[in-house]
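Undergrad: Before I ask anything, let me first share the structure, which is written out below as C-alpha cells.
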Amino acid sequence: MLPMQNLRLNPWFFIPYLIVLVTVAIYLSLHDKGDFLLWVNSHHTAWLDSFFMFTNALGEEIFAGIAVLMLIIFTSYGYGLAGALAWVLAGLTTQLLKRQVFADFPRPALFFKELKEIYFVPGLHINEHFSFPSGHTTVAFAICTVLALSVKNKMWGLFFIAMAVIGGLSRIYLSQHFLMDTFVGSIIGSTMGVIIFNAFQNYMNKWPAHLLNRNLLMTLRG
C-alpha cells in the first residue's frame, strides 16, 4: 500500500499514519466491534458535539472541492486533477462496496437498537444501513494523501494526517460508523491517493513543459 518511495516523499504524513494503523489494528484484534464507539459515546460534551459536527465536513464535497482548488492554485493543474480523481474514485469505490458487497452491515444506530441506548448529537440525521466502509473517511484520506504528497514543505504532512484522522474519528463520535469502518476506509483512501498521485507525477516528470506542471498563479502571471 505504501511503497518506500512514498514514505520518503512525505514521512511526516506516512510514519504517523503507519503508527495509527498498527495501533488501531491491535486494538481491533483485542476488542469487540462496538467497544470503541461505546467508549467514545460515553464522553460526549456540547463542545465536542460542535467540534465533530464541524470536522465531519472533512469527508464531504465542500472540503474536497476546496482542497482541489488549492492544489490547482498553488501546486499544479496535475496535482489538482489527481486530487479530484482521488476524491471521485474514493467516493465511488466505497459506495460500490457498501451497497453491493457489504450491504448487510448495519450502522451503530441499528446495530445497538435492541442492545444499548446510545447518544446521538441533536439535529444530526442518523443513518442505519450501509456502514462498511466509511465513505467520509475514505474521501478524507484520499484527499489528504494527495495534499501531503503535493506540498513542498513536507512538515505539512503532520497537519494533513491529523485532519484525516479527525475526519475519521468524527464519524465514530457522531455514531455513524464503527472503528473498523473508518480503519478500512482510511486504507482504501490513502492507497487510492498514492496510486493516483504517482500516476500523475510520473507523467508530469516525463513532460516537464506540459500544462499539468503549471498552476493557476503561473497562468495568471503569464
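Undergrad: Kindly list the number of the only condition in (1) outside any loop (DSSP other than H, G, I, E, B); (2) at positive phi that fails for Trp87.
TA: (2)
Undergrad: Here are the criteria: (1) closer than 24 Å to Asn215 by Cβ; (2) without any contact (Cβ under 8 Å) to a residue 24 or more places away in the chain; (3) of a type outside the set (Ser, Thr, Tyr); (4) not in a loop (DSSP other than H, G, I, E, B). Tell me which single one Leu149 does not satisfy.
TA: (2)
Undergrad: Identify all residues within the range 19-39 that are part of a helix (DSSP H, G or I) and either aromatic (Phe, Trp, Tyr) or modelled with pLDDT under 95 (or both); write none if there are none. Working first, answer last.
TA: Taking the range 19-39 first, the residues part of a helix (DSSP H, G or I) are 19-30, 35-39.
The answer is Tyr27, Phe36, Trp39.
Undergrad: Exactly one condition in (1) loosely packed, with under 15 Cβ neighbours inside 10 Å; (2) of a type in the set (A, V, I, L, M, F, W, C); (3) farther than 19 Å from His31 by Cβ is not met by Leu115; state its number.
TA: (3)
Undergrad: Say we look at the range 118-143 and pick out the residues that are assigned to a helix (DSSP H, G or I) and touching a residue at least 60 places away in the same chain (Cβ under 8 Å); which of these is surrounded by the fewest Cβ atoms within 10 Å (Cβ to Cβ)?
TA: From the range 118-143, those assigned to a helix (DSSP H, G or I) are 135-143; that's our starting set.
From what's left, touching a residue at least 60 places away in the same chain (Cβ under 8 Å): 135-140, 143.
Numbers: Gly135: 24, His136: 28, Thr137: 31, Thr138: 35, Val139: 30, Ala140: 36, Ile143: 30.
Looking at residues that are assigned to a helix (DSSP H, G or I) and touching a residue at least 60 places away in the same chain (Cβ under 8 Å), I get Gly135.
Undergrad: Is it the case, given these coordinates, that Phe52 is over 27 Å from Phe197 (Cβ atoms), touching a helix residue (DSSP H, G or I) at 6+ places or on another chain (Cβ under 7 Å), in a helix (DSSP H, G or I) and not hydroxyl-bearing (Ser, Thr, Tyr)? So that I can check it myself, show each step before the final result.
TA: Values: over 27 Å from Phe197 (Cβ atoms): yes; touching a helix residue (DSSP H, G or I) at 6+ places or on another chain (Cβ under 7 Å): yes; in a helix (DSSP H, G or I): yes; not hydroxyl-bearing (Ser, Thr, Tyr): yes.
Yes.
The values are calculated or read from the model by the stated rules, or taken from the named source; none is laboratory data. Quick caveat: nothing in here was measured; it's all calculated off a predicted structure. Cβ: placed from backbone, ideal geometry, glycine included. Neighbour counts: every protein chain shown.
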